[in-house]
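Below is one structure, written out as structure tokens; comments come after it.
The values are calculated or read from the model by the stated rules, or taken from the named source; none is laboratory data. Just so we're clear, the structure is a prediction, and the values are computed from it rather than from any experiment. Don't worry about glycine lacking a Cβ; one is built from the backbone with ideal geometry, like all the others, and counts go over all protein chains shown.
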Amino acid sequence: MLIAQPGRMGPLALRNRIIMGPMGTNYGTCDGFSTERDKLYYAERAFGGAAMVITEAMVVSPNARNHRNSLCIHHDRFIPGLAAVVEAIHAGGALAVAQLNHRGGLLRRSVLGMEPVGPSDGTNPNTGEPVRGLSAPEIRAIQVEFLEAARRARDAGYDAVELHAANGYLFQQFFTARINRRSDAYGGTLDNRMRLLLETVALIRAALPELPLMVRISATEYVEGGYSEAEAVALAQALEGAGVIAIDLSGGSNESPALSRYCIQPPSFPRRFLEPYARPITAALGIPVIMAGRIIDPEDAEAVLQAGSAQYVAVCRALVADAYWTRKAFGEIATPIRKCISCNVCFERLTLEQDVACVANPLVGTEFERPEFAEPQLADPLPAAQRRRMLVLGAGVAGVEAARVAAARGHEVEIWERAERPGGQLPLAVAGPDKADVGGIWSYRWAQVEALGVPVRLGTEATAERIRRFAPDIAILATGSRARRLPMLDASPVPVLHAWEAILDPGRIPRGAAVTVIGGGLVGLETADLLVASRGCRVTIVEGLPTLAAGMARNNRFDLLERLERAGMQGLTDTLVEGFEAGRLVLRSGERRWTMEPGEAIVHAVGPVPNRDAVPALEAAEIPYVLVGDCNRPGDFLDGIRDAWMAALAIERRPKLRAAADAVLSGPVP
Ligand SMILES: Cc1cc2nc3c(=O)[nH]c(=O)nc-3n(C[C@H](O)[C@H](O)[C@H](O)COP(=O)(O)OP(=O)(O)OC[C@H]3O[C@@H](n4cnc5c(N)ncnc54)[C@H](O)[C@@H]3O)c2cc1C
Ligand SMILES: Cc1cc2nc3c(=O)[nH]c(=O)nc-3n(C[C@H](O)[C@H](O)[C@H](O)COP(=O)(O)O)c2cc1C
Ligand code: SF4
């Protein structure tokens, strides 16, 4: 395997070719200090086998905070905390690289009052706020801030520094003629547009010649008017000439969801999608190139190196989803990789100024993110006194996660599933045109439940009598949700299907039919997408909220909406369905009321309701129970998997039912 081969990058020796790419976490404090949480998060990925960990974009200036809880490096007071992060990364056997960033025109006033500044006056495309063009002295001051930040990174023990000149931030804003309209030495010609970055590199190289320096650039902007391939190659060559030890390639710009898709890709993008843009840059350089972008499986990484498209791969989200990805890829940990599904919930949370969480990995950012909790079967078995007998009702993702964790810890677990097949809503969630990768959420868990030998009793009705006979210490209720009934649709003159029915059997809707989808959340939109792709339907979506798919990660949402709009989708937002009049749908938006042809079929996708129909049986059997997943609150994999994992981890702290009863019976009689 090429990915397992050691490599050299300037003076640095890397134990293999896997690099953890930089990713914001929002795990720092609001005043910019690193925390125990950061330290553990990065350390675990070093311990997980990556050769190099590039920590998140750090803030070089008090006037340029990325996120509320980004790590800062604009003052010496941050050095001791960062030194602890570096020490932890080193203890895991990886090199530590500090990424330094200035967001420029993408600064936001909503984040601690930051003023957007850039090469020229303009507008922050994310927020609409004015961007103020920087004066020459201000440019110099920022360059010095980068130098000071690099010095602090060195003092904290970092092995190298990476300047963030990708993804639409300050350096890229100066480089791209799309945004840079200056007429001084920092604008106009290619040389002038490269000047800010090259001068900063030169400043750091001159002052800190022993500190290895890398630069991250977007190989392409993926937008009309963006810089050309020749310009990107020229920039990379100039950086090599200036003494940087490696070029780290990303793509796109975080200035809008449309362009951010090329930086942090949704699942409709091919694996290794940056390769065509990486190749000419790699071919033009004598220094190593690192390439990121939808490298999900070890096979993807290996193929990049085999093709010679880069010398190293940056594995980013896949290492959030599984800190031990590298060691698993090398066969050092014998459990399957917990795959990233490119859902972008992690990035969405960051954008919403929340801490990063992962749909695939409930442990990320917790002190439990160690192999013995992530893959509990690798830990020492629990003492007998702590083992419990657990009944899981429902073999959807949540039930299977609870069973996986509990069984792997040594508890005695059975799953009872009412249906004749396991999986719950999973077949619905993977049915959309670009959702095959979501299957990883299931396959990882199901493979382990099978390997652990957990009995799964399909077609089993949980009666009180049966539950009593099984005599569990605790039950996990993971019985999911069910479609909501909408009686107002009973008068429909055309067939009405629930979204779940339409997804499982799209053939029930005539080819090319006009379909009204009621409910424009993720499920409604994905159903529409499927009907467009598989039946050539023309869809109108009616949604009561002001936006379609409001809760979806923005890059993925943009991708889906763009596809639907191309297919002629009509979206009616802020619009409620009131029923039927003379065979026509009655709609209302504020004071406005009107009617509309329903088309040839109606699909409704209005949020499901929790299914708790096993509760009476559990209560009659007097078994304590915990609700996890959709039956607790209809939601998503993130909530369901987290609930389930936490519930499973807590059960050893619950009393054994029979032991507790015995203790009561043998205690002193009041
Ligand atoms: C079209 C669609 C797309 C989606 N896409 C995404 C996505 O991209 N990302 C995301 O995070 N979420 C997505 N979701 C939501 C996600 O699928 C659900 O939140 C998740 O599957 C719920 O898992 P669960 O285990 O709680 O319930 P379920 O998957 O509903 O499983 C419950 C199980 O319990 C069984 N059961 C019911 N009653 C009993 C009983 N009395 N005894 C025993 N068994 C019983 C059921 O048969 C079922 O197998 C999507 C949902 C849909 C419909
Ligand atoms: C939550 C999150 C935060 C990110 N933060 C940064 C960052 O701070 N600096 C950076 O250069 N790229 C950042 N990225 C982009 C990643 O480094 C990477 O280029 C991108 O996720 C594509 O690679 P992947 O498919 O392996 O995840 C971030 C991505 C995510 C998902
Ligand atoms: S939240 Fe989604 S995209 Fe992000 S790492 Fe986890 S699975 Fe991947």
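Residues being surrounded by 23 or more Cβ atoms within 10 Å (Cβ to Cβ) and within 18 Å of Arg404 (Cβ to Cβ) are entirely absent from the range 605-617. Being crowded, with 24+ Cβ neighbours inside 10 Å, away from ligand 1 (no atom under 16 Å from the Cβ) and farther than 30 Å from Arg17 by Cα is the requirement here; does Gly188 meet it? The answer is no for Gly188. Failed condition for Glu332, given (1) part of a loop (DSSP other than H, G, I, E, B); (2) surrounded by 16 or more Cβ atoms within 10 Å (Cβ to Cβ); (3) more than 16 Å from ligand 2 (Cβ to nearest atom), with all others met? Unmet condition: (2). Residues that are in a loop (DSSP other than H, G, I, E, B) and within 13 Å of ligand 2 (Cβ to nearest atom) were ranked within the range 313-329; the one that is farthest from the chain's Cα centre (by Cα) is Asp322. The residue pairs whose first member lies in the range 494-506 and is farther than 13 Å from Glu600 by Cβ, whose second member is in a strand (DSSP E or B) and hydrophobic (A, V, I, L, M, F, W, C), and whose beta carbons are closer than 8 Å, counting only pairs six or more residues apart or on different chains, are His498/Val603; Ala499/Val517; Ala499/Val603.
Which residue out of Ile337, Ile295, Ile290, Ile341 is within 16 Å of ligand 1 (Cβ to nearest atom) and modelled with pLDDT of 95 or more? It would help to see each step written out before you state the result.
Numbers: Ile337 fails: within 16 Å of ligand 1 (Cβ to nearest atom); Ile295 fails: within 16 Å of ligand 1 (Cβ to nearest atom); Ile290 fails: within 16 Å of ligand 1 (Cβ to nearest atom).
Only one candidate qualifies: Ile341.
Quick grid of which residues meet (1) closer than 25 Å to Ala165 by Cα; (2) of a type in the set (A, V, I, L, M); (3) out of contact with any strand residue (DSSP E or B) (no Cβ under 6 Å at 6 or more places or on another chain):
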position	(1), (2), (3)
Gln5	no, no, yes
Met9	yes, yes, no
Gly21	yes, no, no
Leu40	no, yes, yes
Ala91	no, yes, yes
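When Ser268 is tested against (1) closer than 24 Å to Pro212 by Cα; (2) in contact with a helix residue (DSSP H, G or I) (Cβ under 6 Å, 6 or more places away or on another chain), exactly one condition is not met: (1). Of all residues in the range 444-481, those being surrounded by 14 or more Cβ atoms within 10 Å (Cβ to Cβ), closer than 13 Å to Gly423 by Cβ and more than 9 Å from ligand 1 (Cβ to nearest atom) number 4.
Ala310: within 22 Å of Gly241 (Cα to Cα) and either of a type in the set (Lys, Arg) or within 16 Å of ligand 2 (Cβ to nearest atom) (or both), yes or no? Let's see the steps before the verdict.
Values: within 22 Å of Gly241 (Cα to Cα): yes; either of a type in the set (Lys, Arg) or within 16 Å of ligand 2 (Cβ to nearest atom) (or both): yes.
For Ala310, the condition - within 22 Å of Gly241 (Cα to Cα) and either of a type in the set (Lys, Arg) or within 16 Å of ligand 2 (Cβ to nearest atom) (or both) - is met.
Condition check for Arg588 on (1) on the phi < 0 side of the Ramachandran plot; (2) part of a loop (DSSP other than H, G, I, E, B); (3) not hydroxyl-bearing (Ser, Thr, Tyr): one failure, at (2).
Okay, residues lined up against (1) within 16 Å of ligand 3 (Cβ to nearest atom); (2) of a type in the set (Gly, Ala, Ser); (3) under 30 Å from Val111 (Cβ atoms); (4) without any contact (Cβ under 8 Å) to a residue 60 or more places away in the chain:
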position: Val356; (1), (2), (3), (4): yes, no, yes, no
position: Glu367; (1), (2), (3), (4): no, no, yes, no
position: Pro371; (1), (2), (3), (4): no, no, no, yes
position: Gln386; (1), (2), (3), (4): no, no, no, no
position: Val392; (1), (2), (3), (4): no, no, no, no
position: His411; (1), (2), (3), (4): no, no, no, no
position: Glu417; (1), (2), (3), (4): no, no, no, yes
